[in-house]
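Read the structure below first, then the notes.
The values are calculated or read from the model by the stated rules, or taken from the named source; none is laboratory data. Just so it is clear, the model here is predicted, and its values are computed rather than measured. Cβ coordinates were reconstructed from backbone atoms using ideal geometry, including for glycine residues, and neighbour counts include every protein chain displayed. These accessible areas exclude ligands, DNA and RNA; they are computed on the full protein's heavy atoms, side chains included. Shrake-Rupley method; radii C 1.70, N 1.55, O 1.52, S 1.80 Å.
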Amino acid sequence: MDSRKLKWFGLGAWSAIVAAAMVACGGGGGMPEADGTMRFAITDAPACGYDHVWVTVDKVRVNTNGNASDTDGGWTDLTLSPARRIDLLTLTNGVLEELGSTPLPAGHYSQVRLVLAANAPGATTPANAVQPTGGAVVPLTTPSSQQSGFKLQVNADVAAGQMADLVLDFDACHSIVKA
């Protein structure tokens, strides 16, 4: 788990779980034999003390090297176009928000990065924000999440001709704290 300092709150405790390790893609479709697919989704546990936790996902990055820096090779990006603003607190009790899927060479993947859009200066609706219960919306400042992304260590295998589902599980109750 990775902990990032925010302007007013701290954000950390993301975990990645392989929900359905391998599900057959169903053949055909022109996928090369040596490729598989990874599908990404996001979910959240119920939160204590927050009405909303918004993040705007710009892209998801995946790499076989668990120690790769954001400038190293080997990254495959799933870019969300347009970036998607998600209220994580609507994703409880098994609700998933699918982010998309990308073909990958078959192999073992050790690192995922969730890259968030930046909060625009002076914007009336911040891209990333929280609303404490009964309080006002507070923008989250997540400096590295816009460049290199939130780094998650994973243990996911993608088999040729198969789909691996990776669920990014957020826990606002343990992840957002006053800085």
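Within region 81-129, being under 17 Å from the mean Cα position of the chain (by Cα) and among the β-branched types (Val, Ile, Thr) holds for Ile86, Thr90, Thr92, Val95, Thr102, Val112, Val115.
Scanning region 138-172 for residues that are modelled with pLDDT of 85 or more and in contact with a helix residue (DSSP H, G or I) (Cβ under 9 Å, 6 or more places away or on another chain) turns up just one, Lys151.
Restricting attention to region 7-23, does a residue exist that is more than 17 Å from the chain's Cα centre (by Cα) and modelled with pLDDT of 55 or more? No, region 7-23 has no match at all. Of note, Ala83 satisfies the criterion of being small (Gly, Ala, Ser), within 20 Å of Phe40 (Cβ to Cβ) and modelled with pLDDT of 90 or more.
The numbered conditions (1) under 19 Å from Leu78 (Cβ atoms); (2) over 19 Å from the mean Cα position of the chain (by Cα); (3) not polar (S, T, N, Q) are all true for Phe150 except (2). Condition check: modelled with pLDDT of 95 or more and on the phi < 0 side of the Ramachandran plot. Does Leu91 satisfy that? No: the conditions fail for Leu91. Of all the residues in region 43-67, those that are closer than 14 Å to Val112 by Cα and in contact with a Phe, Trp or Tyr (Cβ under 7 Å, 6 or more places away or on another chain) number 5.
Among the residues of region 55-72 satisfying the criterion of being open to solvent by 40 Å² or more (accessible area, probe 1.4 Å) and in contact with a strand residue (DSSP E or B) (Cβ under 9 Å, 6 or more places away or on another chain), which is nearest to Leu140 (Cα to Cα)? Of everything passing the filter in region 55-72, Asp58 is nearest to Leu140 (Cα to Cα).
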